[in-house]
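Only one structure is covered here, and it is reproduced in the block below.
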Amino acid sequence: MMSDSATSVARRFTALADAAPDRDALVFPEMAYSYGMLSALSKAFAIKMADLGVGRDATIQLETTDLPVVLAALLASSRLGARFAEAAITDALAADNPVTHRFGTPSSGSSRTTDLIIIDATWSPAEVLPSGGPTETLDSQPDLDAPWLVLATSGTTGTPKVVTLSQRMVLQRSLAVGDEFLPDITRVASLFPYNCRPFFARALGALLNGAAIVDRGDWAFWARAGVNRVTGSVTQAKKLQCEPGNTAKIAVLEVSGATLSESEARRLLGRFALVDDTYGATETSKSFSNHVTLGDDGALQRIGAMRDSLVEIVTDLGALCAVGETGEVRVRNGYCADHYVLPDGGAVDALTEGYFYPGDIARWDAAGALEILRRKDKTLINFDGVKLSAGMLEGIMRSVDGIARAAAFESPKEGSQDLIAFVVFEPGCNQPQVTELARKACSDALGAKFAPVKIWPINDIPRKMDGQTDYDKCAEILLDGIKDLGKSADM
């Protein structure tokens, strides 16, 4: 195999497939794809895409979550030197990397009818690859430092923006987690959707290190398939039924995107031997792990594990914080993104002098664990690692006739990620109707998960001395209201 710094993603995968063609790559309840099969499928996809004009100047996007199709298309884009935009990239975000080819499957359910190219049975290797014929023409080396993955991110500011990763950066990121994806040993199942950046990172980590990906399913299927690693967001993990069952514990659950509470960690440890509470970002990939286990005495143990990134907590003056001292997190590694693509221009200082500043206030504990305390900017709302400016959400609500002022914030209840809004209604408006219109406006503009779960009427929005919204006071008012409701229920 050629040196890792001088090969494309597709070439590394092809080399692994050629060396062990029968090794499991994708495992489903009724069948499995070997490395050889997935390699052939990706070559067939590359030939079909090339015939459609996909090349170094193209950006492709998929409107499907079909696992083999997603991975074959991802590898094919690497082979052709084309850019691959994740599903979250909108037309506005793609301004610097306009999508030239959109692909889907017959079951995609897409509303597009004119520009969607359907991937069907005619794309299979049996239909496309010449019997015993050469495919070397598809293996010309792409520019390893040109943009390859086009990914949506919110960064520290909470405003939509784009990060592009080259094939060299993706290879470095994938090899950096090689200890988690051991060849012929690791079998990982993902709770992440198959068309988003967090899944791409884990899938490429598996396939570029010789591990297997197991389709999502129930505990019995995972046990039969030999799953020993599961990965997903904290919110997705909360939906797992983790009561002790008939199957043995799975070795590792990796979670990310939000704070893992002690109660939730204990619940998850009923089904997993270790919970890897991961700290990472689109900008930096996986940077740090808090390894959470149960001791022999039943006490929760949390031990920090540094990856190959430099993770520091610094004071306002840039000095390193000692254990227990509170400061701001910054991250640095050899594959960190160095700039943002902003659809509306402007400068972002989250990427400064080789460091990424995620905007978290934290401290180190005595066991070396990273304890995230709060956001530096309380106007940012964090949903599974996707950050949104509260001001953006409030502006959408104020655009609805009948709402004069608004404040959006995360629920202060422990373990909750519900989005709450306080609104001041215009006199005489139909409050229930306006409430639903506001929720719909948020959902239409930003997606359903950013529609407030509860919109509370309030006489006035709490303000600080400088006139800015006092989000701490908002949270306090909400908690007091919940307590009062509880007391009324007990009477």
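Points to keep in mind about this one:
- Over 27 Å (Cα to Cα) - which of 286/449; 239/454; 376/473; 161/473; 376/464; 43/161 fall in this group: 161/473; 43/161
- The figure for residue 197 is an accessible area of roughly 50 square angstrom, using a 1.4 Å probe on the protein chains alone.
- Heavy-atom accessible area, probed at 1.4 angstrom with all protein chains present, ranks 180, 353 as 353, 180, highest first.
- Axis of helix 471-490 versus longest Cα principal axis of the chain: the two differ by about 70°, to the nearest ten degrees.
- Whether the range 180-239 is rounded, prolate or oblate, judged on the alpha carbon gyration tensor where a/c under 1.5 counts as rounded: oblate
- Accessible-area order (highest first, 1.4 angstrom probe) of the listed residues 286, 249: 249, 286
- On Cα atoms only, tilt of 35-51 relative to the major axis of the chain in degrees: 90
- Backbone N within the range 156-192 under 16 Å of label point (7 Å from residue 399 Cα along the Cβ vector): 159-160
- When the residues 222, 456 are ordered by accessible surface, computed with a 1.4 Å probe over the protein chains alone, the sequence from largest down reads 456, 222.
- Heavy atoms of residue 194 accessible to a 1.4 Å probe, total area in Å² rounded to 10: 10
- Helix-derived mean residue ellipticity, 222 nm - over the chain, DSSP H n ≥ 4, -39500 (n - 2.57), to 500: -8000 deg cm²/dmol
- Nearest-ten-degree value, helix 67-80 long axis tilted from longest Cα axis of the chain: 70
- Label selected from (1) 35, 30, 21; (2) 40, 28, 23; (3) 50, 21, 20, the criterion being semi-axes √(5λ) of the Cα gyration tensor in Å as computed here: (2)
- Rounded to the nearest 10 Å², the accessible area of residue 215 at probe 1.4 Å: 30
The values are calculated or read from the model by the stated rules, or taken from the named source; none is laboratory data. These numbers were taken from a predicted model, which means no experiment stands behind them. Here Cβ is always computed from backbone atoms with ideal geometry, including for glycine, and neighbour counts include all displayed protein chains. Calculation scope for accessible area: heavy atoms of the full protein, side chains included, ligands and nucleic acids excluded. Shrake-Rupley method; radii C 1.70, N 1.55, O 1.52, S 1.80 Å.
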